Amino acid sequence: MLPERAPRPASALPPALLGRWQQVLPNGRISLVEFRDDGINYAVEPYTPVVFGPSETTMTVGPATFTRIFGTGATVQGVWREDSTGAEYFYRANGTFNIGEPGEVDLFGTYIERNGEIETAEARALVSVDGTDLIFDVVFGGQFRVPFTLAGDVLTLGGQTLTRVPALIFKIFRADEWQHLRKAGTTTGAPIDVADGYIHFSTATQAAETAAKHFAGQDDLFLIAVETAPLGAALKWEVSRGDAYFPHLYREMAIADVHWAQPLPLLDGIHQFPAGAGFD
């Protein structure tokens with residue numbers, strides 16, 4: 001359970017703070033955190049492949065190996081013991097989990113198991129607002145406060161800068177490319193995607209520049225929206241145009257990945273993106 005604290009002046013988390021934020025670490029890895037409307041800050045481990053051993057009594061998740069204590073089948077649901085630490089993981093059918101380790105505070109969070117991969121969100125702190133500070137009541141114990149500012153899709157926490165992780169990313173297809181995906185069910189993308197070895201996507205704030213740079217004057221286009229979460233570990237954020245991080249998909253794109261699709265008309269030489277969806 002979260003530690004109890006004395007009452008303090010605080011307010012609910014601002015809606016603009018809710019959601020996922022990413023920070024690029026010095027080693028190039030991306031750290032993900034999430035603020036939810038339950039007031040809890042979570043550390044997110046992106047989708048990682050799960051490999052089950054014979055009879056589903058063992059499993060490997062990334063570098064960690066586990067032995068099953070309770071449960072059956074090719075699913076993480078049940079109770080597992082991590083071989084290297086002895087910690088016990090209890091994955092429930094309702095998408096929540098607990099981690100218990102001798103002598104340590106029990107941890108908890110939520111998980112999604114999908115297509116042979118698992119994503120976990122581990123609760124780290126109960127968060128509230130006091131003026132220009134965020135107050136963190138840490139699961140492990142202790143409390144600290146950090147000044148914060150929100151400016152659009154940029155969150156500054158003390159000396160750290162995080163950027164919002166969009167729920168949707170976007171692909172621009174020519175009409176024949178879109179028709180191919182609809183008929184075949186999968187695609188390796190446009191010729192530039194095939195040449196680069198991954199499928200290029202853009203965020204909502206990057207899409208207009210992508211259209212102007214690579215599709216200038218073309219009016220037979222379709223804008224495809226794809227949810228980021230189901231793409232799992234195949235989606236990587238890498239430095240590209242203007243030293244900005246762009247989403248790249250390292251697998252075929254499937255018709256099942258499409259959240260929605262609509263024509264991208266050209267008016268007076270400018271592509272007309274949907275209003276109110278964050279497109280610049």
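Read the figures in this text as sums done on the coordinates, not as results from a lab. Everything quoted here is computed from the prediction, not taken from an experiment. Because the Cβ atoms are built from the backbone with ideal geometry, glycine has one as well, and the counts that use them run over all protein chains shown.
So if I take the centroid of the Cα atoms in region 88-148 and the same for region 186-201, what is the distance between those two points in Å? Computed from Cα coordinates, the inter-centre distance equals 37 Å. The C-alpha atoms of the chain define a longest principal axis, and helix 204-214 lies at about 30 degrees to it. Bridging of residue 236 to aspartates and glutamates at a Cα separation below 16 Å is possible for 45, 117, 119, 193, 196, 227, 252, 257, once same-chain residues fewer than 8 apart are set aside. Only one of (1) 42, 24, 18; (2) 38, 21, 19; (3) 37, 27, 14 was calculated from the structure for semi-axes √(5λ) of the Cα gyration tensor in Å, and its label is (3). If only the Cβ of Lys and Arg carry +1 and only the Cβ of Asp and Glu carry -1, the dipole of the chain around its Cα centre is close to 60 debye. Taken about its Cα centre, region 1-116 carries a charge dipole of about 300 debye when Lys and Arg each add +1 at the Cβ and Asp and Glu each add -1 at the Cβ.
Here the relative contact order of region 121-280, from alpha carbon pairs under 8 Å that lie six or more residues apart, stands at 21 percent.
Protection proxy ranking of 14-21, 105-112, by the mean of other Cβ atoms within 10 Å over each peptide's residues and highest first, is 105-112, 14-21. Segment residue 186..residue 256, full-extension length gain: 24.3 nm, with 0.36 nm per residue of separation and the alpha-carbon distance subtracted. Relative to the dominant Cα principal axis of the chain, helix 175-184 is inclined by about 50°. In the chain, the DSSP-assigned H stretches of four residues or longer account for a calculated mean residue ellipticity at 222 nm of -2500 deg cm²/dmol, using -39500 (n - 2.57) per stretch and the full residue count as denominator.
Here the relative contact order of the chain, from alpha carbon pairs under 8 Å that lie six or more residues apart, stands at 14 percent.
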